[in-house]
Structure formats: structure tokens, C-alpha cells
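> Questions regarding the structure given below will be posed in turn.
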Amino acid sequence: MSSLKELFNGHFMMGNIISPHDFKDEELLAMFKHHYNTVTAENAMKPVHITSAPGVYHFEMADKIVAWANDNDIKLIGHTLAWHGQSAPWLNRKEDGSPITRSEARANMETFVSTYVGRYAGKVYSWDVINETFRDGDGKFSGNWRDYLRRETENKRAVGHWFLAYENGADKDAGESGADYVFDVFYFARKADPAAVLYYNDYNDEMPVKRQAIAQMVEQINEQWKSHPEYDNRLLIEGIGMQGHYNHVHTKLENIRTALELYSATGAKIAVTELDFTLGSDETPSNPLSAEESKLQGQFYSDLFKLYMEFSSAIERVTFWGKDDGASWRSWGSPTLFSSAGKAKEAFHTIVATAKGIRLKPDCPCVNRDCMRHGNCDECEPAHVSRGGLPSCKRGK
């Protein structure tokens, strides 16, 4: 089977997620090493699994992932440091849920980040430093990214606890606000591991208001960093992570293109960090996919990767969020490249064809044939791409 990391070598790195229990499955690990050269910890490196109380840390699961990635020369992505979800309450709030003070929150953040990131300094290639700090915005962009940060919510879900804590004691006359935690967490991460590439990560990041807020935040934080006494001639936020949890109803490629243009203009790198594409819904699941749904999914992935290749000078990596449909957190929508049985789906084969510059005809019998990995066949047409000529093969070889 064609290797994804080899197919896209020269464009961007390829990745997927892993958990400690996966290390018992030798077949899965072999598949992972065949296809991917980056790995993200699915859950084991989220803050709630790392610390439970001041001075209390749990590194056992993270240690296993770090060791495996380094032993196998696979670049590890640390996910994540600051998030409104799956974080230990002690970091930014009291037992009753109310925010601690700004100074307490800043001290806790520095302790947590320096302890955690420092432990793995030189062993983690990149960190998703902040995850999903923006709420979805409607209407027209206000012109100020701070207006879209998570704060209090009526149903107490997705509360921006870091914002509320930093707001509690902020000197407004001096220009302080709850938004200041954004700079601080990136700054503490840079201090803890100067070699790591630091990313901001979010979902729905292709939507108009949110993409403008993210881009402006990245530009302004990086500008603020330039005047800092410890400025190191690098961007502080070096990358923007586009999660890529897409679906057949709402996702528009033109929105993704506009976001790629906007983010690349900031000077930061781009990573696709949690890619999947669902059909159906929770109420009407599509697992397994029908023949028509398989074609629809395959076409989307093909078009998407053509777009990624167009922006490959800005995109550092593409990471799928799920090794197969059965293991996916959105398994109801069959979102990955592999079936629950681990077999390559039409989506996989269309991506392979895209990487090799093959334009598959609608009823090409090679969609599920190994001969496709040799190049084009007499049922397909080589596309005009910059990757050079392709060897030919005969159908059925």
C-alpha cells in the first residue's frame, strides 16, 4: 500500500493520533510507521491527564508516548497546554468554580507550563499551546480579536476560565485585560523549550469572523513579542492549527481557501491538525458509507488535498484525527481514510491519486486496485501537476 508520508514528501508531513493502549497493537503500530511521520497524543497529553492538584503531576501516559515517538523518529505534537475543556480546575478557579485572581492564575500557568513543557524539552517537536480559545462569531468582524474570546456562558459549558481569572484583578487603566493570558502561555512555553514550534489551534477556523479574529490575534501577539526584552528574532506564535473537522453539509472549500490565504499572510506556518470528514449525523449515521457517499467523501478529500498541495509552501503538516472509522470520535459519520476493519476506503485511494497527479475517471476500476500506486493506468488521465512525469501501468498488473 502506498505510504502517505512518502507520497506527500516535499509538500508537508503527515500525521495521526495515538493513545497509550495502541502500543499493544503491533499491526496498528506498523501501519502508523508506514504512513505517518508525525504523531499527536489524542487525549493523554491534555492538561486534565497531566495534573490534578498543585504540585501533583501524572506523566506516566505522556512518558510512553514521548518515548515511542522519539524511539521511532516520529515528530511528536504536544496537545495541549491551555484549553477551556479537559483542564484541571486548580489552574484557574476556586473550588466553587469562581475565578482565582489574575496574579494567582499567572503563577499557576507559569508553574504548569514550565514543569510540563520543560520535562519534554527537546523531545516534543511542536505544541498546540492554546486550543479553541475563540467562540464562533456571527455577523461582521468587530475589528478586535479580544471580543471573541471565550468568557462566561449561560449554560456554564465552554467557559473561558483563563480569561475570567486574568480579568479578575486586571488593571484596566494600565491596559490589562483577561486576554493577556494568550501572550503569557506562549511566552512561558517558549521559555520552557525554546526549540519547540508553538501553535494556536482551533476549529471552524475557516469561517469568516473566527478566521479574522485568529489572524489578527496572531499578528498582534507576534508584534507585541518584538518589543519584549527576551525577543529571540522568531515569531512567538509560529503556527496556526486548522483542526479540519469537516462535514458534507456545512463545509465549503472556498472558505478553507480564504482561510489559508489569510493565515499564510500572517507569516506563521499552517498545520491541519485534526482532519476528518463526516457524512450523515448522530441521528442518521452513515457507517458504513453507501457507494454514493463513498464517492462524495472521496471527491471532497481529493479536492481538499489539491488545495493543500497548492498551499504546501505554507502548510507544515496534515494530521488525521482517527486511525480508522471504528476508532474515530465521530465514528457515526465514517470520517477517516480507513474502514473499521482497517481497509483503505475510496477516500484513501483518491488522495493517493491526487498526490501522484492522477485524475480518476468516475468509473475507473483502479479506485480500489493496487495498480494505482504505480502511477496512472489506461483508464485514467495524468493531471497537469508540477511533480513531473508518471510511470504508466496496465490495469490488472
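> Scan 62, 88 and give me the residue that is within 25 Å of residue 202 (Cβ to Cβ), in the same structural domain as residue 222 (by TED's automatic domain parsing), aliphatic (A, V, I, L, M) and modelled with pLDDT under 95. Please lay out each step first, then the result.
Details: 62 fails: modelled with pLDDT under 95.
Exactly one residue qualifies, and that residue is 88.
> In this structure, is residue 163 under 22 Å from the mean Cα position of the chain (by Cα) and in the same structural domain as residue 111 (by TED's automatic domain parsing)?
Values: under 22 Å from the mean Cα position of the chain (by Cα): no; in the same structural domain as residue 111 (by TED's automatic domain parsing): yes.
Judged against the criteria, residue 163 is not a match.
> Right, here's the next one. Which members of region 167-187 meet the condition of being more than 26 Å from the chain's Cα centre (by Cα) and part of a helix (DSSP H, G or I)? Step through it out loud before you land on a result.
First pass over region 167-187, keeping only residues more than 26 Å from the chain's Cα centre (by Cα): 167-177.
Answer for region 167-187, where residues must be more than 26 Å from the chain's Cα centre (by Cα) and part of a helix (DSSP H, G or I): 167, 172, 173, 174.
Yes/no matrix, rows are residues, columns are (1) over 21 Å from residue 143 (Cα atoms); (2) in a loop (DSSP other than H, G, I, E, B); (3) not β-branched (Val, Ile, Thr):
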| site | (1), (2), (3) |
| --- | --- |
| 213 | no, no, yes |
| 221 | no, no, no |
| 228 | yes, yes, yes |
| 234 | yes, yes, yes |
| 246 | yes, no, yes |
| 254 | yes, no, yes |
| 258 | no, no, no |
| 263 | no, no, yes |
| 267 | no, yes, yes |
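> May I ask you to list pairs of residues, at least six apart or on different chains, whose Cβ atoms are under 7 Å apart, with the first in region 229-254 being outside the structural domain of residue 306 (by TED's automatic domain parsing) and the second being assigned to a loop (DSSP other than H, G, I, E, B) and of a type in the set (Phe, Trp, Tyr)?
none
> Kindly indicate whether residue 208 is under 21 Å from residue 137 (Cα atoms), of a type outside the set (S, T, N, Q) and surrounded by fewer than 19 Cβ atoms within 10 Å (Cβ to Cβ). Break it down into steps so the answer makes sense when it comes.
Values: under 21 Å from residue 137 (Cα atoms): yes; of a type outside the set (S, T, N, Q): yes; surrounded by fewer than 19 Cβ atoms within 10 Å (Cβ to Cβ): yes.
Yes.
> Here's something else I'd like to know. Could you grab me the full set of residues in region 173-227 that are of a type in the set (S, T, N, Q), touching an Asp or Glu at 6+ places or on another chain (Cβ under 7 Å) and on the phi < 0 side of the Ramachandran plot? Write out each step before concluding.
In the first step, residues of region 173-227 are kept if they are of a type in the set (S, T, N, Q); the result is 177, 201, 204, 212, 216, 220, 222, 224, 227.
From what's left, touching an Asp or Glu at 6+ places or on another chain (Cβ under 7 Å): 177, 201, 204.
Passing the criteria: 177, 201.
> For region 273-289: of the residues being free of Cβ contacts under 8 Å to residues at least 60 places away in the same chain and assigned to a strand (DSSP E or B), which is surrounded by the fewest Cβ atoms within 10 Å (Cβ to Cβ)? Spell out how you get there, then give the answer.
Going through region 273-289, the residues free of Cβ contacts under 8 Å to residues at least 60 places away in the same chain turn out to be 275, 278-289.
Then keep just the ones that are assigned to a strand (DSSP E or B); that gives 275, 278, 280, 285.
Details: 275: 24, 278: 24, 280: 20, 285: 15.
Result: 285.
> Out of (1) crowded, with 19+ Cβ neighbours inside 10 Å; (2) of a type in the set (Asp, Glu); (3) more than 21 Å from the chain's Cα centre (by Cα); (4) closer than 14 Å to residue 81 by Cα, what's the single condition that is false for residue 128?
(3)
> If you check residue 71 against the conditions, is it more than 18 Å from residue 162 (Cβ to Cβ), assigned by TED's automatic domain parsing to the domain that holds residue 28 and acidic (Asp, Glu)?
Working: more than 18 Å from residue 162 (Cβ to Cβ): yes; assigned by TED's automatic domain parsing to the domain that holds residue 28: yes; acidic (Asp, Glu): yes.
Criteria met by residue 71.
> So which of 237, 256 is over 23 Å from residue 351 (Cβ atoms) and surrounded by 16 or more Cβ atoms within 10 Å (Cβ to Cβ)?
Details: 256 fails: over 23 Å from residue 351 (Cβ atoms).
The match here is 237.
The values are calculated or read from the model by the stated rules, or taken from the named source; none is laboratory data. All figures in this text were calculated on a predicted structure; none of them were measured in a lab. Every residue, glycine as well, gets a Cβ built from its backbone with ideal geometry; the counts of neighbours run over all protein chains shown.
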